[in-house]
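The numbers here are math on the coordinates, done by the rules we state, and not lab data. The structure presented is a predicted model; accordingly, all values stated were derived computationally and were not measured. No Cβ is skipped: glycine too gets one built from the backbone with ideal geometry, and neighbour counts run over all protein chains shown.
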Amino acid sequence: MVSLKDSNNIKLFGLVCAALLICSWFQFGVLVKHELTDYLLFGAYSTLFSAVIVMINNVMPSVLKHKIIFTRFKNELPACRLDSICRKDPRILFKEVEGKWPEVFSSETDPHTRNGLWYKLIYKPVIELPQVSQAHQNFLLYRDVSSSIIVILLLIACYDVWRYLNRLEFLVIEINVYIVLGLFALLALISARNNGERFVLTTVAAHEF
């Protein structure tokens, strides 16, 4: 059975490839007239680099990705904050969910324990429901897109620093490349956070009251 993460690989590859193609366009000249072979090279390089990035993403620990996405060193997963997330959503009747899972929503429950209780009591019973699987898959997709684009940014920045320290003049990275990748990373980051919260809310809403 294909995992949710593996089923996202084609979409992840496509989104990363699209970002790199746009970067190639800015890097090698928006207003410059290119030959067909140039565009084929842009596509080939973007495809190859995207494949490498997807491979790197697949070996990155999920814990590291979550810390990057939610910019927290501990208790980064959205289920750790399930009580505050449910309080903010007008579609969730907080008194009802609090009554159904008092140990999960108790103010005395620490975030790490809350995450474990959410997984055991709320998520596992509805794990096979289509709406829960879809919400989980969407979160994983944007999480992986965010971490992949950030990896690309770091690799390019490291190359730029190395080139500067060695006073090399070839292949200077255009500022527009950083802008494009920064925008992609920001949009993916916001989407990942929103879909992370939507995922845990979906698991709560999937239960019958």
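Taking 0.36 nm per residue of separation and subtracting the Cα-Cα distance, full extension of the segment from Lys120 to Ser62 would add 19.0 nm. Dividing the Cα radius of gyration of the chain by its Kirkwood radius returns 1.09 for Rg/Rh. Label zone of Leu154 (point 7 Å out along Cα→Cβ, amide N under 13 Å): in segment 42-78 this covers 56-69.
Of the GluC sites (Glu not before Pro) in segment 54-128, the ones in a loop by DSSP (not H, G, I, E or B) with at most 10 other beta carbons within 10 Å are Glu108, Glu128. Here r is the Cβ-Cβ distance between Thr47 and Leu186 and R0 is 25 Å; the resulting FRET efficiency, rounded to 0.05, is 0.55.
Between the Cα long axis of helix 36-59 and the first principal axis of the chain there is an angle of about 40°, rounded to the nearest 10. Karplus-derived 3J(HN,Hα) values for segment 197-207, using 6.51 cos²θ - 1.76 cosθ + 1.60 with θ = phi - 60°, are 5, 5, 4, 5, 5, 5, 5, 6, 5, 6, 7 Hz; glycine and proline are entered as x. For segment 3-14, 3J(HN,Hα) computed residue by residue from phi via the Karplus equation (6.51, -1.76, 1.60; θ = phi - 60°) reads 6, 4, 5, 5, 5, 8, 4, 5, 5, 4, 4, x Hz, glycine and proline entered as x.
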